[in-house]
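Working notes, beginning with the structure itself.
The values are calculated or read from the model by the stated rules, or taken from the named source; none is laboratory data. This is a predicted model, so every value here is computed, not measured. Cβ coordinates were reconstructed from backbone atoms using ideal geometry, including for glycine residues, and neighbour counts include every protein chain displayed. Quick note on the areas: whole protein, heavy atoms, side chains included, nothing else; ligands and nucleic acids left out. Shrake-Rupley method; radii C 1.70, N 1.55, O 1.52, S 1.80 Å.
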Amino acid sequence: MLFFLPNPWSFHLTMANLPQKEKVRFYFCFIFVFHYFCTMIQPIACSINVGGRLLSLSRPLVMGIINATPDSFYAASRTRTEHDIAARADKLVGEGAAIVDVGACSTRPGSSPADADEEMSRLRTALAAVRRAQPDVVVSVDTFRPDVARMAVEEYGVTIINDISEGGVGDVEGPKERQEEGVPEMFAMVARLRVPYILTSVRADMDGMLLAFAHEVEMLHGLGVADIILDPGFGFGKDLAGNYAVMARLHRLHALRLPILVGVSRKSMVTRLLGCTADEALHGTTALHAAALLQGASILRVHDVRPAVEACRVVTEILNNAPQGVAPAAYNY
């Protein structure tokens, strides 16, 4: 096969003069051509290293949520005492959660985040209770602060960092102006701790998300971070229509050859569409879970473990029995 490459300098000048929209189209063409050739020689990552053992993602897994906060958007998920936290961990694992995600700083729209000291204090209580109740479960920490992540890993053996800020790029409202160029502090911390990292997008649409992810994944790999999970960030920097547009295009994230985590449990993209409360949003959540699984999601982050586990089993059975060429091409591992 012959490849005809343009003169590099003339190519650079041509790209520099293109409108932004045309640059985006070019980069997408490049990503998907690259993806086409990679699929012939490299399988999608189907396991991650958690504390020295491999966690298989050959079938979708469920991550159960523990909120050690007084103000998380779903009141039924709030746990404050050690007894309640331990009971919650037992319930999540008993219903089939493979991972328990512990957070102590609410990032719901309109909330005032707890300061770092308060977040660490809450996490120390919560992580100790989870470790006593379920010593063998894989535990992730939901934080956007590098020092909090370090404490959770070094003091309590947490094996996954779940960062909703895209390495400090933004928050629930969307991207912010980065104060400094270079390697984000969270990226450097993850590389130092050598644990899997959930990279959550705060971009408004799939095009911007793919471009940002491609750059950030390259940076993380350059730092030596081996296990990266992509989270499209439903509810972060996206309006109602934007959330559903991203869900409809979720399969496009497979161009980056990394596992995908989806967190839509009882969120406003369900409650606003259906005109219901978070308490009434389970059925809408389950519908979104099915849509995500049919597009190859590897992990569902949920408040309600049993319905999510059942959704995983049903969708997996459908895909396993679909005629060749009928099952979504994205789900190939």
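Name the single residue that is surrounded by the most Cβ atoms within 10 Å (Cβ to Cβ) among those in segment 43-88 being in a loop (DSSP other than H, G, I, E, B) and modelled with pLDDT of 90 or more.
Step by step, filter segment 43-88, then rank; the result is Pro60.
Go through the residues of segment 219-226 one by one and say whether even a single one is crowded, with 17+ Cβ neighbours inside 10 Å and in contact (Cβ under 8 Å) with a residue 40 or more places away in the chain.
No; the residues of segment 219-226 include none that is crowded, with 17+ Cβ neighbours inside 10 Å and in contact (Cβ under 8 Å) with a residue 40 or more places away in the chain.
Just to be sure before I move on: is Leu258 open to solvent by less than 30 Å² (accessible area, probe 1.4 Å), more than 23 Å from Ser106 (Cα to Cα), at pLDDT 95 or above and touching a strand residue (DSSP E or B) at 6+ places or on another chain (Cβ under 7 Å) in the structure I sent?
Criteria met by Leu258.
Just to be sure before I move on: is Ala98 more than 19 Å from Ser265 (Cβ to Cβ) and touching a strand residue (DSSP E or B) at 6+ places or on another chain (Cβ under 8 Å) in the structure I sent? Walk me through it before giving the result.
Numbers: more than 19 Å from Ser265 (Cβ to Cβ): no; touching a strand residue (DSSP E or B) at 6+ places or on another chain (Cβ under 8 Å): yes.
Answer is no for this residue.
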